[in-house]
Amino acid sequence: MTLTPFPVSLRLRSDARSVRTSRTLRLAEPKLVLGGVDAKAQAEDYAPAIIEENVPGKLPARTTWQRFAKRLTELYALDPGCTRFRLLRHFWPAGSSSRPMLGFLLAAARHALLRETMPFVVGIKLNEPVTTEIVSEHLSHQYPKRFALTTLRSTFLTHERRSAA
């Protein structure tokens, strides 16, 4: 019997390029996907539901949704063989108010960067302004030379623009 290395066995990710750098920590789309795909679906059923059946309901270009399906799978697993995803699916019907936290917990469990930045995020006081500079400074200090300044700025600015809209 071959043992799978620890992070891989738990399906944790530590890739240098993550879905966070591609701005894919989303909550609306998982809601649509999980609502549109049967709870008993297998891992291989999710990508076709997103790409072919357009479960999220806004298919602008096939290649965009192929990338989105890949990123969503990287972040949330979309595989009942993954215990954390199976738990998300089990608790999903419990109520819409818990869904953002369920999604976040799964994402944080699977992605080291998101998990490692939690002390910084939790340390931000309620209603305290969060600027591009503050986030960029923190990430640059914690992860020297990992991200280009343009990546840091564009990722956060995209979030700021959505929040303001």
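The values are calculated or read from the model by the stated rules, or taken from the named source; none is laboratory data. Small disclaimer: the values here were computed from a predicted structure and weren't measured. Glycine also receives a Cβ, built like all others from the backbone with ideal geometry; neighbour counts cover every protein chain displayed.
Being outside the structural domain of Val37 (by TED's automatic domain parsing), touching a residue at least 12 places away in the same chain (Cβ under 8 Å) and surrounded by 11 or more Cβ atoms within 10 Å (Cβ to Cβ) narrows it down to one residue among Leu88, Leu152, Leu75; which is it?
Leu152
Return yes when Pro56 is outside any helix (DSSP H, G or I) and in contact with an Asp or Glu (Cβ under 7 Å, 6 or more places away or on another chain) and no when it is not.
Against the criterion (outside any helix (DSSP H, G or I) and in contact with an Asp or Glu (Cβ under 7 Å, 6 or more places away or on another chain)), Pro56 qualifies.
Pro48: surrounded by fewer than 16 Cβ atoms within 10 Å (Cβ to Cβ), at pLDDT 90 or above and out of contact with any Leu (no Cβ under 8 Å at 6 or more places or on another chain), yes or no?
Criteria met by Pro48.
When the residues of segment 105-124 are narrowed to those that are hydrophobic (A, V, I, L, M, F, W, C) and in contact (Cβ under 8 Å) with a residue 60 or more places away in the chain, which ends up surrounded by the most Cβ atoms within 10 Å (Cβ to Cβ)?
Ala107
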